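What follows is calculated from the coordinates using simple rules that are stated; it is not laboratory data. Quick caveat: nothing in here was measured; it's all calculated off a predicted structure. Quick reminder, even Gly has a Cβ in these numbers, built from the backbone with ideal geometry, and neighbours come from all protein chains shown.
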Amino acid sequence: MKALIFDCDGVLADTERDAHRVAFNEAFQIAGIPDRWSVELYGELVSVAGGKERMKHYFDGHGWPAGSANREQFIHELHHTKTDRYLQLIASGKLPLRPGVARLVDEAIRARVKLAVCSTSNERSVSLLLQTLLGPARSDLFLVLAGDVVTRKKPDPEIYQLALERLGLRPREAVVVEDSRIGLLAAKAAGLPCIITKSCYTGEEDFSEADGVFDELGDLPSVQVRLSDLQAICGEAR
């Protein structure tokens with residue numbers, strides 16, 4: 001095993017419900033859009049990968065707001081506002097890392113295992129989350145592939161194929177940590193072993209293709225997913 005690749009939202013931190021959803025609603029308010037995404041509704045919308053794609057999907061089904069004649073520009077501007085609000089939430093430091101993330105990252109660093117994040121979220125937001133929650137010393141070691149770096153979002157494998165290309169690795173030389181079925185399908189389609197850490201919105205999804213399913217990466221010894229466990233999974237997948 002030569003690399004450990006994380007998804008971001010729901011894997012590094014539970015950002016979907018308490019950061020992304022809040023930022024979307026604040027962007028709607030700023031733009032004078034009356035729609036608000038409840039916790040329950042957002043749980044349905046997260047099945048659509050990508051913030052811009054998520055808004056398009058929602059407005060296609062619920063009606064486009066006034067002033068959205070140029071839909072591409074409208075979505076671009078609204079998403080820019082949403083990203084600014086999300087960055088402010090992350091920079092506040094109020095969102096914690098999920099249990100076990102820092103521990104596993106430190107294990108990988110000590111073992112000289114490469115680190116990467118592959119996410120559909122905006123690159124600025126992913127980088128800020130890494131810097132804020134993991135600190136510069138750790139975050140500087142990550143390859144970050146995010147946002148529109150690829151043309152096709154998960155469950156398409158393009159972002160994981162690009163990660164392998166940038167890392168200079170074969171599929172069986174890395175392990176992916178995801179929290180959603182669409183992420184799992186993307187990783188497996190790229191030929192990568194993949195484990196799941198369930199998040200607040202994905203606990204009931206079908207993870208039958210995963211190489212391991214866990215509630216969390218864990219800090220307590222009784223629930224820890226260790227680097228040696230992932231190395232074993234990587235070896236078994238050869």
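So here's what we get for this one:
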item	result
Inverse of mean 1/r across different Cα pairs in the range 16-91, Kirkwood, Å	12.4 Å
Compactness relative to 2.2 N^0.38 Å, alpha carbon Rg of the range 112-188	1.06
Cut-off under 5 Å, modelled amide H: who pairs with Phe214 long-range	Ile196, Thr197, Lys198
Which of Val117, Val149, Val223, Val46 has the fewest Cβ neighbours within 10 Å, and the rest in rising order	Val223, Val149, Val46, Val117
Relative compactness, the chain, computed as alpha-carbon Rg over 2.2 N^0.38 Å	1.00
Nearby lysines by direct alpha-carbon distance to Lys52 (threshold 29 angstrom, same-chain neighbours under 8 apart not counted)	Lys82, Lys94, Lys153, Lys154, Lys188, Lys198
Rounded to the nearest 20 debye, dipole of the chain from Cβ charges on Lys, Arg, Asp, Glu	620 debye
Ranking of Phe142, Phe214 by count of other Cβ atoms within 10 Å, fewest first	Phe214, Phe142
Computed [θ] at 222 nm, helices only, for the chain once each DSSP H run of length n ≥ 4 contributes -39500 (n - 2.57)	-13000 deg cm²/dmol
Under the Karplus curve 6.51 cos²θ - 1.76 cosθ + 1.60, θ = phi - 60°, whole-Hz ³J(HN,Hα) for the range 45-62, x wherever Gly or Pro sits	6, 5, 6, 9, 6, x, x, 5, 5, 5, 5, 4, 4, 5, 5, 4, x, 10
Gain upon complete extension [Lys2, Leu141; 0.36 nm per residue less C-alpha separation]	48.7 nm
Mean Cα-pair separation over length for the chain, i.e. relative contact order, pairs under 8 Å, 6 or more apart, %	25 percent
Whole-number D in µm²/s for the range 57-133 (Stokes-Einstein; Kirkwood sum over Cα pairs; 20 °C, 1.002 mPa s)	140 µm²/s
Sites Ala66 and Asp148, calculated FRET efficiency, Cβ-Cβ separation with R0 41 Å, nearest 0.05	0.90
Relative exposure of Ser68, Ser119, judged by other C-beta atoms within 10 Å (fewest first)	Ser68, Ser119
